[in-house]
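One structure is given here, and the rest of the page talks about it.
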Amino acid sequence: MSDTTTRAVVGVSDRQQGEHPSGDNRFDLIDKHLKRGRYAQDQLIETLHVAQDVFGYLSEDILIYVARALRLPPSMVYGVATFYQLFTFDPPGDHACTVCTGTACFVKGADDIVKGVSNAYDVPAGETSEDGSLTLKTARCLGSCGLAPVVVFDGEVLGHQNTESTLELVAAAVGGVD
Amino acid sequence: MAAPIDLHEVMDREREERFRTRWRVKACASTACMSAGAGATIQAVEDMVEREDMELEVQVIPTGCMGLCSAGPLMRMMRRGGDETDYQKVTPDAAKEIVRSHVLNEEPVPEHLLDTTMPFFTSQERVVLANGGVINPDRIESYVAHGGYQALEKALTSMKPKQVIEEIRRSGLRGRGGAGYPVGSKWSLLAAAGGKTKYVVANGDEGDPGAYMDRTIMEDDPHRLIEGIAIAAYATGADQAYIYVRAEYPRAIERLDRAIRVARRNRLLGRKILDTNFSLAVEVRIGAGAFVCGEETALMASIEGRRGTPQLRPPYPTEKGLWGAPTMINNVETLANVAPIIDRGGDWFASIGTEKSTGTKVFALAGDIVNTGLIEVPMGTSLREIVEEIGGGVPDGRSFKAAQTGGPSGGCIPAKFLDTPVDYESLRELGSIMGSGGLIVMDDEVRMPDVAKFFMEFSMDESCGKCTPCRAGTVQMHNLLQRITDGNGTRRDLRDLEHLCSVVRDMSLCGLGQSAPNPVISTLQYFRSEYEALIDEEEVVHA
């Protein structure tokens with residue numbers, strides 16, 4: 001373990017600050033996190049969160065990068081990343097519409113909202129439209145049950161939604177559909 | 001090393017600050033109210049106070065959840081040493097008018113008044129949520145001013161670890177995460193375990209859809225949780241603790257991180273806490289969207305950075321837990337009860353609730369009900385009181401059909417059992433469970449086989465895939481339910497469904513699979529005719 005730490009830290013200090021060998025400085029943010037966590041292998045999930053925050057999704061390259069940095073087999077990193085629902089392996093769309101499908105939202109008709117957006121923009125839940133403008137997601141429960149049904153559009157939590165109001169929201173950002 | 005915080009000095013200072021202005025405006029800044037526009041409301045009041053030079057008259061205090069989420073944004077006007085007036089649906093303009101009217105004319109604003117004499121407020125008993133709507137969660141001083149960290153100081157300076165456990169045992173506190181295991185016994189197990197390193201883990205992986213009390217505690221009263229963890233660690237001899245939080249709760253993660261830093265700076269965490277020989281490090285660990293991680297062995301795997309799949313028990317975590325060391329996992333709400341118990345005594349706590357289920361329980365009231373929000377009632381309160389009085393009944397002239405408790409592991413309770421007292425045993429007898437406290441009310445428009453299918457889809461998606469009965473069984477049950485709810489089911493499908501219920505329940509490795517059939521079993525038990533109606537029609541068509 002200590003051997004790992006030394007080697008990896010040397011790797012970072014070898015090069016100039018703010019310049020990643022790949023030319024992509026976003027890797028520096030991952031490095032910073034790895035260093036703070038002293039390259040502990042149990043920091044894997046946190047590291048994947050940071051990587052996804054920085055890159056928007058986890059490409060194979062990123063998974064291999066994290067695996068090497070933490071000296072974990074890529075199979076394990078891939079196994080962990082695919083186990084958890086919040087990790088995504090495709091670039092996200094320009095806008096994200098997340099419909100909560102928890103119990104309270106289900107009782108209040110969240111399913112219709114998902115179907116409505118899915119049909120209007122021809123995008124299955126969990127995927128991104130072909131033009132890359134919209135990602136439609138569902139969430140287990142956002143814990144805002146008093147506001148059911150809840151939709152999160154580009155990070156903004158909106159309560160008491162219905163299919164029409166959600167479609168208006170999406171249309172305002174992405175553009176309407178014929 | 002900096003000197004530890006002087007709790008009494010902070011209390012005095014806060015009291016002075018409290019009396020500094022004639023008016024205090026408390027505004028709910030919890031998630032539900034923020035989504036309803038509380039951010040703009042608070043900003044409007046702050047701007048006005050500054051612009052109109054009212055700083056000597058008015059102070060604005062953002063607080064945690066005031067409870068009645070459906071009436072947000074909520075605001076409270078408090079007169080120095082005097083009365084309080086609560087307001088609902090407070091828009092920025094309304095807020096300015098309310099503050100002006102109180103400060104300049106001593107007059108309330110009738111349009112937005114919130115009636116705090118209604119049962120929603122009067123029937124509650126707040127222990128866990130006592131600080132909701134009272135303290136500013138971002139300031140440790142505010143927590144201390146309301147008695148915070150007194151229990152930790154008391155435990156560390158005047159009680160032996162054994163006495164702390166004895167007090168918890170006397171309180172009768174049971175795990176609030178669902179199963180209701182006696183907390184005192186769990187603590188004794190960890191205290192008795194050998195080894196140099198022991199861990200305490202707070203389970204904040206609140207995965208039950210419909211429950212958000214743990215989120216509210218972590219966001220709105222983070223120090224209460226930290227204090228509970230510290231007392232638990234002192235009592236059991238642990239020196240490292242983790243708070244495992246679902247990644248879906250970014251605000252809770254942020255608040256806890258900050259609270260831990262502040263607690264450490266004040267020597268309430270870290271080395272030699274409050275100048276005693278007790279040391280404790282606390283760290284937040286984040287999930288990544290896996291319901292099964294609420295199960296304690298899966299949760300530990302996730303903390304270690306691995307796939308969150310459960311292990312067979314025994315060995316129990318208190319024997320062999322995180323990295324092989326003895327570990328104790330308590331739910332967030334459970335730990336939030338600890339400080340009040342140490343403060344006021346186990347006997348006081350045991351006097352609330354029923355003989356076997358002591359204390360209070362927080363419920364997230366949602367679905368087809370007038371008043372949605374977080375409520376806290378003594379254990380043993382009847383479902384009828386919760387639904388009809390506190391919840392204000394079912395809206396739109398519809399009638400009550402069922403209450404769902406326990407999420408995907410629980411069941412649906414029909415109207416004829418509305419007078420059941422809500423406690424661990426009574427709910428289990430009805431085929432449901434207490435669960436973490438989600439309580440979803442359904443009106444007569446809801447089709448129960450659809451509800452069963454909804455939960456089975458959840459369990460199917462969330463099954464970790466480690467054991468076959470759960471992995472394959474939930475898929476097959478979902479297929480059968482899909483066929484039945486589509487109107488294509490046969491009598492044989494219904495028989496297969498019932499058979500699979502017992503297979504999955506009896507053969508699965510962990511609680512997820514063992515309880516996954518519960519929503520089907522309970523809806524079949526109480527609403528069988530709805531399943532049969534779907535089947536009979538189809539058989540007629542076939543004939």
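Derivation of every value follows stated rules applied to the coordinates shown; laboratory data play no part. Bear in mind that the values here come from a model prediction, so they are computed numbers and not experimental data. In this analysis, Cβ positions are derived from the backbone assuming ideal geometry, glycine residues included, and neighbour counts consider all displayed protein chains.
Just a few scattered comments:
- Length-normalised contact order for chain A - Cα pairs under 8 Å, 6+ apart - percent: 17 percent
- For the stretch A:95-174, share of DSSP beta bridges that run antiparallel, in % to the nearest 5: 55 percent
- Contact order normalised by residue count of chain B, Cα under 8 Å, 6+ apart, percent: 14 percent
- Antiparallel bridges, percent of DSSP beta bridges restricted to the stretch B:358-442 (to nearest 5): 80 percent
- One chain, two ends: residue B:254 and residue B:179. Fully extended at 0.36 nm per residue, the span grows by 24.1 nm beyond their Cα-Cα distance.
- By the Kirkwood approach, averaging reciprocal distances over each pair of separate Cα atoms, the protein assembly as shown gets a hydrodynamic radius of 26.9 Å.
- Taking all pairs of distinct alpha-carbon atoms in the stretch B:304-394, Kirkwood radius in angstrom: 16.3 Å
- Förster-model FRET efficiency, 41 Å R0, residue B:525 and residue A:154, C-beta, rounded to 0.05: 0.40
- Average beta-carbon neighbours from other chains, 10 Å sphere, peptide A:83-92: 4
- Between residue A:75 and residue B:461, the FRET efficiency from the beta-carbon distance, with R0 = 25 Å, is close to 0.60.
- Once both labels are positioned 7 Å from their Cα atoms along Cα-to-Cβ, the gap between residue A:89 and residue B:15 label points is 6.2 nm.
- Averaged over the residues of B:440-451, the number of partner chain Cβ atoms lying within 10 Å of the residue Cβ comes to 2.
- Packing-based exposure ordering (other Cβ within 10 Å, fewest first) of B:484, B:433, B:329: B:433, B:484, B:329
- In chain A, the longest principal axis of the Cα atoms and the axis of helix A:110-121 are about 80 degrees apart.
- Ordered by the count of other Cβ atoms within 10 Å of each Cβ, fewest first, B:351, B:463, B:188 give B:351, B:188, B:463.
- Distance between the stretch B:255-289 and the stretch A:134-157 - C-alpha centres, whole angstrom: 32 Å
- Globularity index of the stretch B:432-508 is 1.16 (Cα radius of gyration / 2.2 N^0.38 Å, N = number of residues).
- Label-to-label distance for residue B:162 and residue B:93 is 6.8 nm, based on points extended 7 Å past Cα in the beta-carbon direction.
- Take every pair of alpha-carbon atoms less than 8 Å apart whose residues are at least six positions apart; their mean separation over the length of the stretch B:160-349 yields a relative contact order of 32 percent.
- Degrees between helix A:74-83 axis and first principal axis of chain A (Cα, 0 to 90, nearest 10): 20 degrees
- Among the GluC sites (Glu not before Pro) in the stretch B:353-442, those placed in a DSSP loop whose Cβ has at most 13 other Cβ atoms within 10 Å are B:355.
- The stretch A:31-88-the stretch B:342-399 distance, computed between alpha-carbon centres (Å): 42 Å
- Chain B: DSSP helices with Cα axial extent of at least 15 Å and average Kyte-Doolittle hydropathy no lower than -0.5: B:38-51, B:92-105, B:222-236, B:448-462, B:468-485, B:518-542
- Scanning residues 5 or more positions from residue B:134 or on other chains, those with amide H under 5 Å from its amide H are B:64, with H placed 1.01 Å from N in the peptide plane.
- A simple charge model with +1 on the Cβ of Lys and Arg, -1 on the Cβ of Asp and Glu and nothing else charged puts the dipole of chain B at about 2300 debye relative to its Cα centre.
- The stretch B:181-227: trypsin sites (Lys or Arg not before Pro) in DSSP loop, at most 16 other beta carbons within 10 Å: B:196
- Exposed GluC sites (Glu not before Pro) absent - longest run of chain A, DSSP non-H/G/I/E/B, at most 11 other C-beta within 10 Å: A:20-129
- Applying a 4.7 Å cutoff between beta carbons, the unpaired cysteines of chain B are B:65, B:69, B:293, B:412, B:464, B:467, B:470, B:501, B:510.
- Model label sites at residue A:162 and residue B:196, defined 7 Å from Cα along the beta-carbon direction, differ in position by 6.5 nm.
- For residue B:507 and residue B:428, a Förster radius of 22 Å and the Cβ-Cβ distance give a FRET efficiency of 0.60, rounded to the nearest 0.05.
- DSSP beta bridges in chain B [antiparallel fraction, %, rounded to 5]: 50 percent
- Kirkwood analysis of chain B, using all unique Cα-Cα pairs, places the hydrodynamic radius at 24.6 Å.
- Three principal axis extents of chain A based on alpha-carbon atoms, in descending order, are 57, 31, 25 Å.
- Residues with amide H under 5 Å from that of residue B:282, placed H, sequence gap 5 or more: B:241, B:270
- Trypsin sites (Lys or Arg not before Pro) within the stretch B:242-320, DSSP loop, no more than 15 other Cβ atoms inside 10 Å: B:271, B:272
- Given chain A, longest segment not containing exposed loop chymotrypsin sites (Phe, Trp or Tyr not before Pro) (DSSP; at most 14 other Cβ within 10 Å): A:90-178
- Estimated dipole of the protein assembly as shown in Debye, rounded to 20 [Cβ of Lys and Arg +1, of Asp and Glu -1, Cα centre]: 3240 debye
- Across peptide B:282-294, the average count of Cβ atoms from other chains found within 10 Å of a residue's Cβ is 3.
- Evaluated with a Cβ-only charge set (Lys, Arg +1; Asp, Glu -1), the stretch B:7-97 carries a dipole of roughly 300 debye about its Cα centre, given to the nearest 20.
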